[in-house]
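The values are calculated or read from the model by the stated rules, or taken from the named source; none is laboratory data. Since we're looking at a predicted model, the values are computed, not measured. Positions of Cβ are generated from backbone atoms using ideal geometry, with glycine treated the same way; all protein chains shown enter the neighbour counts. What goes into the accessible areas is simple: the full protein's heavy atoms, side chains included, and nothing from ligands, DNA or RNA. Shrake-Rupley method; radii C 1.70, N 1.55, O 1.52, S 1.80 Å.
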Amino acid sequence: MSEEGRKAMIPFSVYETTTPFPAFLPPITAPNNIPDTTFMTDIAENRAFNWFTPSRFALLLGLLAFASFPQVVLGVQTFIARDYGFFAYPLAYFQKQCFWHGEIPFWDPYNFCGTPFLAQWNTMPLYPPSLIYLLLPLTWSLSFFCLLHLWFGGLGMYYLARRWTSNDFAAAFAGTAFSFSGMTLNLLMWPSHTATWGWMPWVVLAVEGAWSDGGRKLFIAAIAGALQMLAGGPEIIFFTWLLLLALWLQQLATPAPSPTAAKLWPGRRSGLGWSRSPAPSWSGLCWRFPAIVALVAMMAAAQLLPFLDLAAHSERHAGYADLRWSMPGHGWANFLVPMAFGSVHGEGIFFQTGQGWTSSYYLGIATLLLALLAIWKCRDRRVWLLIAVIVIGVVCALGPNTPIFPAVRNVIPQLAFITYPVKYLLLVTFITPLLAARALAEIQKQRREIMIIASILLLLMASVMIWVSGGSMPGADGHAAVLNGARRMFYLVLTALVLFILARDSETPFFRIATLLLMVLAWLDVLTHEPSQNPTVPPGIYQPRMARAGLTMDPQPDLGGSRAMVSPKAFMQFIDLALRDPAKNYLAKRLGYCADCNLLDGVPKVDGFFSLTPGQFDGVVSLIYGATNDFPRLDDFMGVSQMTAPDEIYHWSPRKTFLPLLTAGQTPIVMDDWNALHLLSNSNFDGSKMVFIAPEDRPFVSAKNSAAARILSSKFQNSSVEIEADSPAPSVVVVAQTFYHDWRASVDGQNVPLLRANYAFQAVAIPPGKHEIVLRYVDRAFELGALISIAAWVGCLAGVTATWGSLRNPSKN
């Protein structure tokens, strides 16, 4: 066939899109039913479908993001709800303090009597775009960081859908649906999850292109994968590579094109369509994907190795499992009527009854309709794979509500690291816009199917509304659900009418308006599907040291001095407290140092809010907060000088019996872990007179009895403790700080073992005399990982430069 003949069959967007396709992205593809030229002709004739060029869509998506949160973009207000205010913002504040002091934030000494910070992974200390909020005013830049990744993720989904459909309009709809879904908006409260989610379509796009085409795309894919890794959302990263594994295995199993197809189209079958680049060898497909995985792991080793080390020494090391917050059996109704079976709770946010991780997993009625159309009408290998992944995601999201997922977790215990099964709906949220794009790419002559699906959805929505109006679910607001369902039905009717126009055989003057209207309807539908998932407040609510100034504690807990402690009763009250006003809700809890709010005031405390906790100290936390009675002698040892008052959670009561965080001269008692933890809660325990030493540390302790040892001076910093002590006999210096194996001890410049004392704390044995004791946090996993990462990044960037140069100068090849 002549070159002109082939061009006539190629989708319009390949040759006439006004904005060049980025050079590093995989080649754009055409539909896989190559002998059928009708579809291609329809697409080529309909220029309105190809109006959404990358630059135009990027601008449109930016305008939609701005219209959704103008007060945030302009800096007038900031996000506050849930984990954003109690976890993300305080951690970003601590990271920023370390950054401007020239420190790497290895250790947080303010929570859990000290806990690893960098190794948590979702704290993002090594993610390069974190410089956005480290360099700019935090009250504005952290919220902007989240919105920027929301926009970035939508743009990535646009390019991925464009590769799979060769249709600019379908790609633009997919990008909009990805950025504006109930689950995506819920993720805004976690900057790490938002960033990881924003990278997911880019990683899928880059890796798929890399295993097909090789060359510099291998290095580009590795860079994209490494950046997602460093963003620190473990579950989303796992889902990304699980989906890529499925796509890769399918690619390996895809047969070569038939001789007839090869003559019609000089390329290969790839994904949903046909790629114009040369077909890769089967051996190339085999090694490229594992090579990319290895490269990504090496480039992110500086973050991955500390995380894996912490996970192995944390409360999750023995198979942590948490099946709370699964999707209930009736959860399918919330895809249609998002406010069914729930009510508005604290901060004015709607929650499904029994669900606490996500405020919504609503996909949007337009996205759902189009995805169902693709499932019905599109019959190719890729669509079947995506349907299978959706089924798996829904079944796993149901958690213990079916026998399947618990059985799978028994076979694959590593899945226990993914807490809250509802997270598996992230796979559904990612795939559905791609299916919707597939349906839009073939929307011509589908008017009958659109009306059938829309009618079925209307009947289902009416059924759900009748169901919830009966008040069968305690605590659910049936009236609000019915009104909500009526509004969704209105959006469904408008969407069906717009799709009916787009499904006409030929272009009309309304086509371009209809394409834009469809995306605006999809955006408005999700934005209004329930009360705001992300309420905002004036940024002054995060003013540093505000609570410290207002509380005027005496004595004042400070680093190295003493700690505050949220009482077990107050801890439970914080969980139940849910004021409708987000600002009042946050201020009340901030005054009570709820979760990690204490970081904003530089106040150390006993508890905290992190994904992982060192294993032994988690036992202490479980002891304290899992009982109804108090343990005053243990509180004394941990240096608790202030405890939540009995009357209000934001009032504090001083304690006069607390011990210094550094003590010395106690009688060492060798004790196994079970008995040591039990005796810590005993009223006879006296941390000033006795110290329990782990059996494995017995050889390093020469002291047999108590000694009149003294702490002469001390200096606590984030990742170090300097102590001057004097003792007339061999003795033990006890540090009421969480034991973790990355801490190293030296006495007078000589390295000595760091002992595990009182089950979960630190101690150092010293000989008679005056001595300088230094404790330093030294993360060997990070050091090894940093060497691997630096070498991998240098090699990868060199590979990009070299291959890019060879492409620009072919004569040098």
Once amide H atoms are built 1.01 Å from N in the peptide plane, which residues 5 or more positions from Val670, or in another chain, come under 5 Å H to H? Ile693
Which distance in Å, rounded to a whole number, links the C-alpha centroids of region 99-151 and region 577-625? 18
Kirkwood Rh and Cα-based Rg: tell me the resulting Rg over Rh for region 477-531, rounded to two decimals. 1.11
Where only alpha carbons of region 454-586 are counted, the Rg and the Dmax (Å): 25.0, 78
I'd like the distance separating the alpha-carbon centroids of region 396-412 and region 433-489, in whole Å. 28
Give me the aspartates and glutamates in straight-line cross-link reach of Lys584: C-alpha distance below 13 Å, same-chain residues under 8 apart excluded. Glu347
Charge context of Arg780, other residues only, Cβ under 9 angstrom, K/R +1, D/E -1: -4
Give me the 1.4 Å probe accessible area per residue for the chain, excluding ligands and nucleic acids, in Å². 37
Hey, if you put +1 on the Cβ of every Lys and Arg and -1 on every Asp and Glu Cβ in the chain, which of Met572, Trp100, Ala222 ends up farthest toward the positive end of that dipole? Ala222
Assuming R0 = 25 Å, what is the FRET efficiency of Leu712 and Glu783, from their Cβ-Cβ distance, to the nearest 0.05? 0.20
Semi-axes of the equivalent ellipsoid for region 353-509, please: Cα gyration tensor eigenvalues, times 5, square-rooted, ordered largest first, whole Å. 31, 24, 11
Identify, among Ile773, Phe57, Leu784, the residue whose Cα sits farthest towards the positive end of the charge dipole of the chain, taking +1 on the Cβ of Lys and Arg and -1 on the Cβ of Asp and Glu, with the dipole about the Cα centre. Phe57
Which whole-percent values make up P(r) of the chain when all C-alpha to C-alpha distances are grouped in 10 Å steps starting at zero? 2, 12, 21, 23, 18, 12, 7, 4, 1, 0
Exposed-loop-free span, longest in the chain, where GluC sites (Glu not before Pro) count as exposed if DSSP calls them loop and at most 16 other C-beta atoms lie within 10 Å: 104-506
Cα long-axis angle, helix 282-299 against the chain (0 to 90 degrees, to the nearest 10): 30
Hey, any idea what % of the chain's accessible area is carbon plus sulfur with a 1.4 Å probe? 64
Among the listed pairs Lys605/Lys770; Lys96/Lys589; Lys605/Lys715; Lys217/Lys377, those beyond 29 Å (Cα-Cα): Lys605/Lys770; Lys217/Lys377
Output the 0 to 90 degree angle, nearest 10, between the alpha-carbon long axis of helix 191-213 and the longest principal axis computed from the alpha carbons of the chain. 50
Taking only C-alpha positions in region 608-755, Rg and Dmax in angstrom work out to 16.2, 50
Region 521-596, Rg to Rh (Cα coordinates; Rh as Kirkwood inverse mean 1/r): 1.12
At a Förster radius of 60 Å, what calculated FRET efficiency corresponds to the Cβ-Cβ distance of Glu724 and Thr254, to the nearest 0.05? 0.30
Counting pairwise Cα distances across region 525-654, what percent come out greater than 18 angstrom? 58
Out of Ile443, Gly399, Phe417, whose Cα points farthest toward the positive end of the dipole of region 381-448 (charges: +1 Lys, Arg; -1 Asp, Glu; placed on Cβ)? Ile443
Which peptide among 351-360, 791-800, 138-147 comes first, and what is the full order, when sorted by highest mean count of other Cβ atoms within 10 Å? 138-147, 351-360, 791-800
Any idea what % of Cα-Cα pairs in region 154-219 are farther than 18 Å? 43
Expressed in nanometres to one decimal, the distance between label points 7 Å along Cα→Cβ at Leu497 and Ile404 is 3.9
Hull surface over four for the Cα convex hull of region 324-405, reported in nm², is 6.1
Across region 731-740, in residue order, what do the Karplus-derived ³J(HN,Hα) couplings come to in whole Hz, using 6.51 cos²θ - 1.76 cosθ + 1.60 with θ = phi - 60° and x for Gly and Pro? 8, 10, 9, 9, 10, 7, 10, 4, 6, 8
Heavy-atom accessible area of His345 with all protein chains present, probe 1.4 Å, nearest 10 Å²? 90
Helix 425-441 versus the longest principal axis of the chain: what angle, 0 to 90°, nearest 10, using Cα atoms? 20
